[in-house]
């Protein structure tokens, strides 16, 4: 028996050996080695790129071959860890009447040894309703379980005695690589397979690593204020220590009551499986707080120095700092010792979104635009670039692209440039290598190259020329063969371009969502027309050489395409950003058309077309342009082009003063109560109320379900989802469905019909709000409305599987039908005419929609399998707004998504999800370029996942808020500076003096507001902006109404700020019209310049008015005792206002903050308060 087992073990070992290839072994830091197969790249795809392990039979196997680990390293390893990229999820909330929490086991089997862990034992937990949050998690495994050879690791759920499991294990898959060292057994009797690693078909490598630690990583960091050295700590660990308060002497740091000091360390700099210790030496009482992963202070522990504390190993809190606050009496801090264990993970710096930009290495050349045939080459040149194409050997190849601004030839590998790429069946054909050049001849200001491919029967007419902007390319494919041809096209297609001497130093811009700027290797592919790539431009630039190259599709008609960009650096992992949401069948889609060639590649992909003999396809032309500067040059040129070819809505619209847009009437928040429409709908700071469920409700539920027997028609999950919209009618008491989408008429006669609703709208408008109406023409109930009963099924989208679309349990009208677009336009025109509402929002409009395969439909734009959904939606939107303009000029039209710029031109505003759905690792801070380049479509950010609960990134972008009130200070700044925020003089990511501290500028005339965001990952204090301050101007921080320090710097003035991590500031550069002096307990304010119609406003730290009086020429006495006694806050500033707009603001002298006319002062200090001692919200 024993002999048989040994033989079986040998057989299994040999089988594994056949499977495995040597894993990558690398030293990541001093004394730390990693064995891996993945590149650390997870694309976030929750179907293809994670396992969904719920039952014990689903086994994920990772083979790590440690044969290449040096023997001396293996022997010296004092600890071995498995690092697993995964999360666990309790799904009992969905499956059971009551959630039971994470209460099941899972196993990690190492070479047959079983290690068992509870799902609730500290592993990363999936965030319901949030962004996918898989994380690296370390497990300490006895070294004896591993071998310096092939190691088989199996990760699975374990039998916990439950009849049905409800905890899931999500193991990440790196789809950017495939080394053959991952296998799966789905537990269905089929055994191990590498064909796919997830049930839907995901491939790659399971993200499991072995870490060998050969040295002691424990440390003591010592901070001794006033000593030399003041700080002793491992290099790069402590990122901030100090205080803005107190006094430092030889005996230490003295803090008065309420003052605080901070110590912060690098994110993920500590080992999560080891304890943390803090020792405070000195005297006095203090409040001690940890700072969590977001920099937020935990609940304070009251203690007395000297004092010690320890955070246990494996604690769920992952602190990034600590705060000591003096209480009662002065605190003397003489020494702080911080002890722990360094993380074995190497420090990874966040992508830098605004690298310092050098002046251009070259310059434009004075020469005319020219295109010439010179022997076997075609030369094209303008002031900025010179291109050469070879026509030798009956092939057309680009051999040089000289960028004059960067003084660089960007073509490093001519054979990698295809010009265009065609895919027929499983084969790909390069325009420069596989197509034969039959003829080339002058054509206008360029040349026409005629090419052919005998195997496919396709011919290509490629036009290229040059003008002042750049190289222009146009292509037409023709089926010259005897049979129909199915083909995909990528045009233009360039690979291996580089501006810098080394390709690794190049940065790129990609129009994913609000904008992506990075130097990280990546493959990015997103659909234009799928609410992914919002614009038709990409860019590569060299910060060191001060120039770059953009590529733009000159498509003025909004046709669907996929933008692809690849930056490849040999030996470096690459971010896989190919999670396209193309709404068509797989056979119509490209798989990545860009090869891994060192440098940057661009392509515009077009879905599969079918052409009969003689049939043609001409994609939109494109332009390549060399430029000085960075991506901003490209984006400015693109915005100018977009404003030339499209007619945008008048700007600013009525949304100029709408900063908070609030939805009312959803679910149980019924508009009608106690026999009348409610009067509490408009709350303070609600600039616009969007009314929901204002139309006739349905006596039937979704899918025509009877309320007496919902379970006969709807699944339990459907009933649960729709339960909030099953309401008791406030008049009849009957159950009804108030979310039924239909013809948007009727106005619920039980509530008084149209007359009562019209009166309610007038009431809400008189309360100061714009009143808009919710609609969703993507949904049409076929059971309870006239149009749905008549045309619901006939109009419905047919998906690629032949089934009718039924999003949200209704039919989904195909907007590529002209009759659907006419119905929507007529309906919305009637609604505005009948209700006199101020606008309409089209919910769901702008999302990717569907490719409709309904053979009965006569589509206007799409051919079979090729989505043109948003082009059709844009046409519907154009018609809708035209109808609204006919009956109520100035009425506003908004959508749920921007879709793409071709749709934006017809909109006054839209909701965006830039901070949530569009967030990704390459966007450490989300910049919304729509706000800066296309302000006609005003941005309303909806933070439905709570990614930015304090609205700091919203404010930093200068965008408005949907569904949540902005904090009072931010709202006040928006309201008082609408002239600035409505101006087109704005710029994203202006230069700053500190890496990862980002600034956006908004300006009107001589008033400029700089929004500063601290993306360093720790507290920052120092110079941030270098500004040319003119005489008679000054700088003020508006969120705190605080004066700022400036210092001369190279002919400019450097503005200093203090910002805690992820905090925001508003630096205002204002003409100085106010001067103030104290007159006993009153303030004497002198206004320089005209004062007619102006007001002096005393404000608190939030900017809220406490006292207002007319501004007069000469000194004006303001008695602070006149501030109403019901105001519990301290006056801190005085503003000069004119017609509601801020002209100037003067922070008051410190005396006002210390004592306000006998009123008790609120302290402006405290851990986590933010900014320059920011007060918490009221």
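The values are calculated or read from the model by the stated rules, or taken from the named source; none is laboratory data. The shown structure was predicted, so the numbers you read here are calculated from the model rather than taken from an experiment. Note that we place each Cβ from the backbone using ideal geometry, even for glycine, and neighbour counts take in every protein chain shown.
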Do we have any residue at all in the range 276-295 that's in a loop (DSSP other than H, G, I, E, B), in contact with a strand residue (DSSP E or B) (Cβ under 6 Å, 6 or more places away or on another chain), touching a residue at least 24 places away in the same chain (Cβ under 8 Å) and crowded, with 16+ Cβ neighbours inside 10 Å?
no
For residues that are part of a strand (DSSP E or B), loosely packed, with under 13 Cβ neighbours inside 10 Å and in contact with a helix residue (DSSP H, G or I) (Cβ under 8 Å, 6 or more places away or on another chain), tally how many sit in the range 94-117.
1
Here are some residues: 534, 565. Which one is modelled with pLDDT of 95 or more and either surrounded by fewer than 19 Cβ atoms within 10 Å (Cβ to Cβ) or closer than 27 Å to residue 427 by Cβ (or both)?
565
Has the range 626-643 got any residue that is surrounded by fewer than 19 Cβ atoms within 10 Å (Cβ to Cβ) and touching a helix residue (DSSP H, G or I) at 6+ places or on another chain (Cβ under 7 Å)?
yes
Does residue 707 count as under 30 Å from residue 730 (Cα atoms), modelled with pLDDT of 95 or more and buried (at least 21 other Cβ atoms within 10 Å of the Cβ)?
no
Enumerated helices (runs of 4 or more DSSP H) restricted to the range 697-812, each holding at least 1 residues that are within 28 Å of residue 655 (Cβ to Cβ)
753-766
Checking residue 1093 against (1) modelled with pLDDT under 90; (2) over 24 Å from residue 974 (Cα atoms), which test does it fail?
(2)
Quick count over the range 331-354, residues being closer than 26 Å to residue 1013 by Cα and touching a strand residue (DSSP E or B) at 6+ places or on another chain (Cβ under 6 Å), is 4
Failed item, numbered, when residue 211 is tested on (1) touching a residue at least 24 places away in the same chain (Cβ under 8 Å); (2) within 30 Å of residue 71 (Cβ to Cβ); (3) assigned to a loop (DSSP other than H, G, I, E, B)
(3)
Within the range 661-680, is there a residue that is touching a helix residue (DSSP H, G or I) at 6+ places or on another chain (Cβ under 6 Å), buried (at least 16 other Cβ atoms within 10 Å of the Cβ) and not in a strand (DSSP E or B)?
no
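Let's see how each residue does on (1) within 24 Å of residue 647 (Cα to Cα); (2) crowded, with 19+ Cβ neighbours inside 10 Å:
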{"position": "917", "(1), (2)": "no, no"}
{"position": "928", "(1), (2)": "yes, yes"}
{"position": "932", "(1), (2)": "yes, yes"}
{"position": "936", "(1), (2)": "yes, yes"}
{"position": "940", "(1), (2)": "yes, yes"}
{"position": "945", "(1), (2)": "no, no"}
{"position": "951", "(1), (2)": "no, yes"}
Within the range 348-367, residues over 19 Å from residue 506 (Cα atoms) and surrounded by fewer than 13 Cβ atoms within 10 Å (Cβ to Cβ) come out as 366, 367
Considering residues that are farther than 15 Å from residue 35 by Cβ and part of a loop (DSSP other than H, G, I, E, B), the number found within the range 123-163 is 18
Only one of 830, 821 that is at pLDDT 95 or above and out of contact with any helix residue (DSSP H, G or I) (no Cβ under 8 Å at 6 or more places or on another chain)
830
Counting only residues that are surrounded by fewer than 18 Cβ atoms within 10 Å (Cβ to Cβ) and touching a strand residue (DSSP E or B) at 6+ places or on another chain (Cβ under 7 Å), which one in the range 1114-1134 is modelled with the lowest pLDDT?
1127
Only one of 202, 120 is outside the structural domain of residue 586 (by TED's automatic domain parsing) and either farther than 30 Å from residue 21 by Cβ or in a helix (DSSP H, G or I) (or both), namely 120
Just wondering, is there one or more residues in the range 368-375 that are under 20 Å from residue 542 (Cβ atoms) and crowded, with 16+ Cβ neighbours inside 10 Å?
no
Test of understanding: among 73, 84, which residue is outside any strand (DSSP E or B), surrounded by 14 or more Cβ atoms within 10 Å (Cβ to Cβ), in contact with a strand residue (DSSP E or B) (Cβ under 6 Å, 6 or more places away or on another chain) and at pLDDT 95 or above?
73
Determine whether the range 455-468 contains at least one residue that is surrounded by fewer than 24 Cβ atoms within 10 Å (Cβ to Cβ) and within 34 Å of the chain's Cα centre (by Cα).
no
Going through the range 778-823 in order, the residues found to be within 32 Å of the chain's Cα centre (by Cα) and at positive phi are 808, 809
Output the residues belonging to the range 427-444 that are on the phi < 0 side of the Ramachandran plot and modelled with pLDDT under 95.
441, 442, 443
Can you tell which of 790, 799 is over 14 Å from residue 824 (Cα atoms), buried (at least 19 other Cβ atoms within 10 Å of the Cβ) and at pLDDT 95 or above?
799
Looking at 773, 780, 789, can you tell me which residue is in contact with a strand residue (DSSP E or B) (Cβ under 8 Å, 6 or more places away or on another chain) and without any contact (Cβ under 8 Å) to a residue 40 or more places away in the chain?
780
